[in-house]
1. Let me cross-check Asp132: its accessible surface, 1.4 Å probe, with only protein heavy atoms counted, in Å² to the nearest 10?
2. Report Ile450's accessible area, 1.4 Å probe, all protein chains in place, as a number in Å² to the nearest 10.
3. Once every DSSP H run of n ≥ 4 in the chain is given -39500 (n - 2.57) and the sum is divided by its residues, what mean residue ellipticity at 222 nm do you get, rounded to the nearest 500 deg cm²/dmol?
4. With axes computed from alpha carbons, what is the tilt in degrees of helix 366-379 against the longest principal axis of the chain, rounded to the nearest 10 within 0 to 90?
5. Extending each Cα 7 Å along its Cβ direction at Gln556 and Glu49, get the distance between those two points in nm, one decimal.
6. Against the longest alpha carbon principal axis of the chain, how many degrees, from 0 to 90 and to the nearest 10, is the axis of helix 478-493 turned?
7. Testing the spin-label approximation: label points 7 Å from Cα along Cα→Cβ at Asn351 and Glu410. State their distance in nm.
8. Ordering Glu297, Glu63, Glu364 by accessible area with a probe of 1.4 Å, largest first, what comes out?
Amino acid sequence: MKTISGKAVVGAIAQGTIVFYQRNDLIISRRKVSDTKRELTRYEKAKSETEQELDSFYEDALERLGEENAQIFVIHKMMLFDAQFDNRIQSLITDSSYNAEYAVARAAIELTRVLANNDSDYVRERTADVRDISERLIRHLLNAQTGEIELKENSIICADSIMPSEAMMFDKTKIAAFCTAAGAENSHASILARSMDLPCIVCMGDELCDELDGKEAIVDGYEGLLFVEPDEITIRRAQDRIKVEQRKHEMLTTLIGEPNVTADGRSVRVCASVYDLSEVESAVSNDAGGIGLFRSESLYIGERVFPDEELLFYNYRRVLEDMNGREVTLLTYDMSAEITADILNMKKEPNPALGYRSIRVCLEQQDIFKTQIRAMLRASVYGKMSIILPLIVDIGEFRHARAIINDVKEQLREEGTAFSEDVKIGVMIETPAAVMTSDLLAKEADFFCIGTNDLEQFTLALDKNNSKYDRIRPENSTALLRMIKLVCDNAHRNGIEVGVCGELASDLSMTEILLQLEVDMLSVMPSRVLPLRKVIRELNLSDEERSKNLISQCLQTR
Ligand code: PEP
Ligand code: MG
């Protein structure tokens, strides 16, 4: 049995088979390795796999295209075994202790530089072949997948890191756990794992490698431990804990149908934040009071264009119908350049969180925004719906967005297309700027929802995807809690409601203080709806002394 440790993100236990996932595009990290012999063996293996691949390409091309065209693969094979290229790669591994992928990539860059400066056209043209052959080698080294990954039941997804688009690609019904070598508490694998209540461990380091693929394992998401090929005792202990968890889960299901009311009678709205329609099912089965945040990212992540009106309409109508009259809040496009650079035909930005994203894109590229708003409004007749605008920084942006929504309404009226006149327009409070202008926003917006993930990252200067700087801890939560208080006060003074829809809402240790600060709605992962209900029902907020102490302690006002 081998034990690999990391940072525990979602506490649960799972047993299954490791599926080591490597992404399609070649992201080559530069690492120093301690075991250079192992790296050389990996390189030799990749070389022989590439050779076999080139042989089969040659046979295929010979049959279909003739000897002349097939010759290119003979040249590629010669390059693969070119002594200068081969020696350079080996020396980068043995003498400089670099990992094989990086050694190949660097040797290829050096060689193409030399070739590119040659006077002969023929030699210069060989640079493309060097790139091709090195990419092939690296793909073999990385075991790079070329399409969707096939999962069996109870797959433990292990990877260096998992990007949002990749997280969307997996068949969620077959995943037992997530483990990543890098990653952070708020990275997408973590959010997905939390939403599915699956164990998740991040920051596991280099030991989490492709050699583990296919091995049986147990994931302990409480302690942050992965047991590879576990022994009998570990298996037995894990199975006992899985049974205990199942019993706890069964107890929680007895709360289905019960109201979210504190012991002293305060009623709280508990909704679910979801990424796509499959999670709506889970929101319904966990008895969520509505959808506090429906994101549309899954409809365009990894695509080359934004979804058309009909696809959006289909999704929005389905979520409203599935929620059967319970309120659904649809978030307008919350994209960032890291996800939509291809669609928007733009360069990736050095700092996408602070760049061309979200409402900024919508206000500038109004055709995209109007298509989405049309689909939302058309769907509004199928249930109770509101729209929420992300990343607003001032009242001007809100007014601008609302004016566009009004234009779309006018257009629909002219066409005679039905929509509900009661759709509320809310603001996601997720920038310090929105907090500081919440008095103005509250006069015009219909409701607020605080996106604590972004608010936290902008307020505390903590990159939400950087594992080194963890999510909020009690000792640095003061600024954020003061902001929540200010937003609640401004909202209530103007008669509108405030929800919290970031990860903070799912943190059950924060429930009491959020309710003491007068938050009206909590939107959490579907799997957290019932645990949150249990906590709410056990709370008693009527003790004024306790309440004052808790608030002054958390806000450090005394
Ligand atoms: C947030 O910022 O809190 C939020 C809910 O949205 P996201 O994490 O997708 O930015
Ligand atoms: Mg956000």
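1. Rounded to the nearest 10, the figure is 60 Å².
2. Its heavy atoms expose roughly 0 Å² to the probe.
3. Working: 21 runs with 266 residues, N = 558.
Rounded to the nearest 500, it is -15000 deg cm²/dmol.
4. Between the helix axis and the principal axis of the chain, the angle is about 60 degrees.
5. Distance between the two pseudo-spin positions: 5.2 nm.
6. Relative to the chain, helix 478-493 is tipped by roughly 40 degrees.
7. Label-label distance for Asn351 and Glu410, simple model: 3.8 nm.
8. On the way: Glu297 20, Glu63 155, Glu364 135 Å².
My answer, sorted largest first, is Glu63, Glu364, Glu297.
The values are calculated or read from the model by the stated rules, or taken from the named source; none is laboratory data. In this text, all values refer to a predicted model and were calculated from it rather than measured experimentally. Using ideal geometry, Cβ is built from the backbone for each residue, glycine included, and neighbour counts are taken over all protein chains shown. For the accessible areas, the whole protein counts, side chains as well, though only heavy atoms, and no ligand, DNA or RNA atoms are used. Shrake-Rupley method; radii C 1.70, N 1.55, O 1.52, S 1.80 Å.
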